[in-house]
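Remarks on the structure that follows.
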Amino acid sequence: MRYEASEMLISWMKVIILAALVILGARQFIYEPVEVHGKSMMPTFEENDRIILMKISEIKRFDMIVFKVNDDKNYLKRVIGIPGDTVEVTDDQLYINGDQAEEPYLEENRKLAKHLGYDRLTEDFQELTVPPGYYFVLGDNRLNSVDSRMLGFINEDSVIGEVKFRLSPIEHLGPVQ
């Protein structure tokens, strides 16, 4: 009887250890939970929102990513330009590869900027070409965002992952659009 109990205990310990290894491995290589800090992506993301990053996603234009700026600071921004794109803002209008880009996620911030007396949400900048291996990123809260306008192009090696899912607040739980 004791032999069966110890054998069952060892079996359960193996299952628990294997499950822990799978979870830790997935967290290391596939996904990572992150807490949002700062106002640069408001109202899309608010302070202390919790999100899940996928580390194995193919990054596309308008995806939201988290990337390292230095060893102790991570930023959450929206990818505007991918390698080879030309990016420009004229009269508060974004142009990608010469085509006017729609940015519906900026509407609330545009209204707020006008209410605060700003003529534009985004200051003009001349056409830039995104080099291979880099991204051009902007925050949704353009009046309060440290992004590629200040940081320059973001090296793809500094990308931690793409935002895929919101965990909190609970009323916004679900996949991120």
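The values are calculated or read from the model by the stated rules, or taken from the named source; none is laboratory data. Quantities reported herein were computed from a predicted structural model and do not represent experimental measurements. Backbone-built Cβ (ideal geometry, glycine too); neighbour counts: all protein chains shown. Please note that ligands, DNA and RNA were not included when accessible areas were found on the heavy atoms of the full protein model with its side chains. Shrake-Rupley method; radii C 1.70, N 1.55, O 1.52, S 1.80 Å.
In segment 165-177, the residue that is nearest to M64 (Cα to Cα) out of those that are in a loop (DSSP other than H, G, I, E, B) and touching a residue at least 24 places away in the same chain (Cβ under 8 Å) is V176. All conditions in (1) in a strand (DSSP E or B); (2) more than 21 Å from the chain's Cα centre (by Cα) hold for V79, with the sole exception of (2). For E162, indicate whether it is outside any loop (DSSP other than H, G, I, E, B) and touching a residue at least 40 places away in the same chain (Cβ under 8 Å). When the stated conditions are applied, E162 passes them.
Do you know which residues across segment 33-90 are of a type in the set (S, T, Y) and modelled with pLDDT of 90 or more? Matches in segment 33-90: S40, T44, Y75, T86, T90.
Exactly one residue among L121, L143 is closer than 25 Å to Q177 by Cβ, touching a residue at least 12 places away in the same chain (Cβ under 8 Å) and under 19 Å from the mean Cα position of the chain (by Cα), and that residue is L143. The set of residues from segment 30-76 being closer than 16 Å to N155 by Cβ and either open to solvent by 70 Å² or more (accessible area, probe 1.4 Å) or not in a loop (DSSP other than H, G, I, E, B) (or both) comprises I65, V66, F67, K68, V69, N70, D71, K73, N74, Y75. Please work out if L112 is farther than 21 Å from V163 by Cα, at pLDDT below 90, open to solvent by 10 Å² or more (accessible area, probe 1.4 Å) and not in a strand (DSSP E or B). So L112 fits the description; yes. Of everything in segment 43-70 that is hydrophobic (A, V, I, L, M, F, W, C) and farther than 22 Å from V87 by Cα, the residue that is farthest from the chain's Cα centre (by Cα) is I56. Tell me yes or no: at least one residue of segment 8-17 is open to solvent by 80 Å² or more (accessible area, probe 1.4 Å), in a loop (DSSP other than H, G, I, E, B) and not hydrophobic (A, V, I, L, M, F, W, C). The answer is no, given that none of the residues of segment 8-17 is open to solvent by 80 Å² or more (accessible area, probe 1.4 Å), in a loop (DSSP other than H, G, I, E, B) and not hydrophobic (A, V, I, L, M, F, W, C). Going through segment 94-109 one residue at a time, which ones are surrounded by 14 or more Cβ atoms within 10 Å (Cβ to Cβ) and assigned to a strand (DSSP E or B)? Hits for segment 94-109 are L94, Y95, I96.
Scanning segment 139-150 for residues that are assigned to a strand (DSSP E or B), of a type outside the set (A, V, I, L, M), open to solvent by less than 40 Å² (accessible area, probe 1.4 Å) and touching a Gly at 6+ places or on another chain (Cβ under 6 Å) turns up nothing.
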